[in-house]
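The structure under discussion appears below in the form of structure tokens.
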Amino acid sequence: MRGRDSLELDARNARNGEGLPPFVRWDVFMSRWVWRQGEHLTTIGPTGSGKTVLNRQLLHRRDFVVVLGVKNRDPELYGPFQREGYKLVHTFEPEPPEDAEEHKILYVPTTDKHGAEGRARKAARFRGVLNDVYDVGYWCVYADDVQYLADQLRLETEFEELWMLGRSEKVTVAASSQEPVNIPLMAYGMATHLFLFGNQDLRRAQRMAELTGVRREIAEATILGLPPHEFLYINRFTGEMLRSRVLTRTY
């Protein structure tokens, strides 16, 4: 069900001729949406916006998925993935079983070290996964906190390689971040599909809109006005823009 704030946004748009993207029901959107192998996507939204639920549903379209878990324990993130059949592993094997039609794993590189040494060890293990994915191809890498992985663990070079060269290897990067700032620019520039949740902070909304590569004024106005759990979808290759509302349930 759409909330009153969403319907009021449509009414205001029609009344004032603001030209905001149309609202499309989630099931209709998913029936039409095409995510080709090798196309990257990026999702940005604050805590509680629905971005992680959205990404879990989008990842149903990929057969070989590795979720990068940065915390030793994270029930809110790991639990739903495990309930959907993702296998929790501490060692990444880039070659799935030969007869596997799909292979979906949650990779959590645990370490007993803390501070700089612990981050360095964790970074080295994630670096190995990203390099293996590039060598093998066809995997979808889901980075739930791409800002932490790229900046704090200094893996931006490895992500950039996948964003730039992964398409030819049929590798997909699904990147997610709470903040629209301090993430690699390629998270915007190399993504075919952008899913942007509402943000009433003008500076952040402007930043997102500037980097979408499409109608900046419309993107900014939409981001500022989006109700909770509603998102702006942008296909950067075709220029398509629409709004939808993620279902807050899992499959």
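The values are calculated or read from the model by the stated rules, or taken from the named source; none is laboratory data. Predicted model only: the values in this text are computed from it and were never measured. Methodologically, a virtual Cβ is constructed for each residue, glycine included, from the backbone with ideal geometry; neighbour enumeration extends over all protein chains shown. For the accessible areas, the whole protein counts, side chains as well, though only heavy atoms, and no ligand, DNA or RNA atoms are used. Shrake-Rupley method; radii C 1.70, N 1.55, O 1.52, S 1.80 Å.
Here are the numbers for this structure:
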quantity	calculated
Per residue accessible area of the stretch 176-251, 1.4 Å probe, in Å²	43 Å²
Qualifying trypsin sites (Lys or Arg not before Pro) for the stretch 178-251 [loop in DSSP, other Cβ within 10 Å: at most 12]	Arg249
GNM top mover of Glu220, Glu102, Glu161 - the chain, alpha-carbon springs below 10 Å	Glu102
Largest-first principal axis extents of the Cα set of the stretch 152-191 (Å)	29, 18, 13
Sites matching trypsin sites (Lys or Arg not before Pro) across the stretch 152-193 that sit in DSSP coil, with at most 14 neighbouring C-beta atoms within 10 Å	Arg154
Rg followed by Dmax, in Å, when the stretch 103-251 is reduced to its Cα trace	16.6, 48
Relative intensity, log₁₀ I(q)/I(0), of the stretch 35-97 from a Debye sum that treats every alpha carbon as a point, q = 0.11 Å⁻¹	-0.29
Relative contact order for the stretch 141-251, counting Cα pairs under 8 Å that sit 6 or more residues apart, in percent	21 percent
For the stretch 2-53, the spread of Cα positions along each principal axis, largest first, Å	41, 26, 19
Estimated Rh, the stretch 139-206: Kirkwood, alpha-carbon pairs, angstrom	12.6 Å
Normalised convex hull volume, the chain, alpha-carbon set, Å³ per residue	123 Å³
Top of Asn199, Asn55, Asn72 by mean-square fluctuation, Gaussian network on the chain, Cα under 10 Å	Asn72
Whole-number accessible area per residue in Å² for the stretch 14-87, which is evaluated in the context of all protein chains at 1.4 Å	48 Å²
Among Val141, Ala11, Val66 - extreme Cα towards positive end, dipole of the chain, charges at beta-carbon	Ala11
Carbon/sulfur fraction of accessible area - the chain, other protein chains in place, 1.4 Å, %	46 percent
Cβ crowding within 10 Å averaged over residues, with 63-69, 117-123, 36-42 ranked highest first	63-69, 36-42, 117-123
